[in-house]
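Okay, so here's the structure we're looking at.
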Amino acid sequence: MVWLDIDNTLYPASTRIAEAMTQRIHAFFVSLGLPDDEAHKLHMHYYKEYGLALRGLTRHHDIGTHHGLEFDKACDQTLPLEQALAADPAVRKLLQDIDRSKARVWALTNAYITHASRVLDILNLRDQIEEIIYCDYSNPTFSCKPEPEFFTEAMKKAGVTDNSRCLFIDDSLPNCRAAKKLGWHHVVWFCEDGRAGAHMHAAPMENPKAAEGVDAVISSLEELRDVWSFIFTDKS
Ligand SMILES: [Mg+2]
């Protein structure tokens, strides 16, 4: 069972989508009545603490039940993805080369389904992903990566009971470590260009070589053909 993160994993961080997202989330915090500097502090704090700014908002602020979807509308849905993203035939080929008799391929994202589907459509990868496990922003108590419940719920939805059958790739080191802690079999940290975290608001810089708690660190998706060689079609 392969679990793929979507944002900054299936497309490169050089698209600067994360930065555009950061600006919109900041504006959303300000729209809730938070002063500029407090909005910034809380946004960064919540992202680091909960893996998703919205998760902190729903936990600590009485923002009402509809705000999750309003957040999605104001932040993710206004991103100029069609201009910023382009399908990469190499990534499509990579996913096509996974032997589907050996592994199912699902997405595991902290985005809402609207954003996740939109990204996969633009990247021309939607048909390569069987199902998308997304954050249900419409539920005020939704869970997200790196919370263990999110991973175990995903397994339940996929009907997988054995942690050691799960492979996972994500550009967020905390998400990778959380999966590994649960006993997922092989966890790959996608550390593009050797940068410790593709997001500008990622965890403090660490030496990528010292990425403890993961099984492999790769800087190009093509390296999956080596680290997960056992799920790729035999080309010999
Ligand atoms: Mg990501």
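The values are calculated or read from the model by the stated rules, or taken from the named source; none is laboratory data. Note that this is a predicted model, so its numbers are computed, not measured. Glycine gets a Cβ as well: all are built from the backbone with ideal geometry, and neighbour counts include every protein chain shown.
Structural remarks
- Leading residue by the ranking (surrounded by the most Cβ atoms within 10 Å (Cβ to Cβ)) among those in the stretch 130-159 that are more than 14 Å from the chain's Cα centre (by Cα) and closer than 20 Å to Val214 by Cβ: Met155
- Test: residue in the stretch 143-154 that is within 18 Å of Tyr11 (Cβ to Cβ), at pLDDT below 95 and assigned to a loop (DSSP other than H, G, I, E, B): no
- Number of the exception - Ala202 against (1) within 13 Å of the ligand (Cβ to nearest atom); (2) outside any helix (DSSP H, G or I); (3) at pLDDT 95 or above: (3)
- Listing of helices (runs of 4 or more DSSP H) fully contained in the stretch 76-125 that carry 2 or more residues being among the β-branched types (Val, Ile, Thr) and over 13 Å from the mean Cα position of the chain (by Cα): 113-122
- Of all residues assigned to the stretch 61-71, none qualifies as being without any contact (Cβ under 8 Å) to a residue 60 or more places away in the chain, closer than 24 Å to Tyr11 by Cα and in the same structural domain as Thr22 (by TED's automatic domain parsing).
- Count - residues of the stretch 1-14 that are within 12 Å of the ligand (Cβ to nearest atom) and part of a helix (DSSP H, G or I): 1
- Out of Leu42, Leu34, one residue alone is without any contact (Cβ under 8 Å) to a residue 12 or more places away in the chain, more than 12 Å from the ligand (Cβ to nearest atom) and not assigned by TED's automatic domain parsing to the domain that holds Ala90. It is Leu34.
- Meets criteria (farther than 30 Å from Val160 by Cα and buried (at least 19 other Cβ atoms within 10 Å of the Cβ)) for Ala53: no
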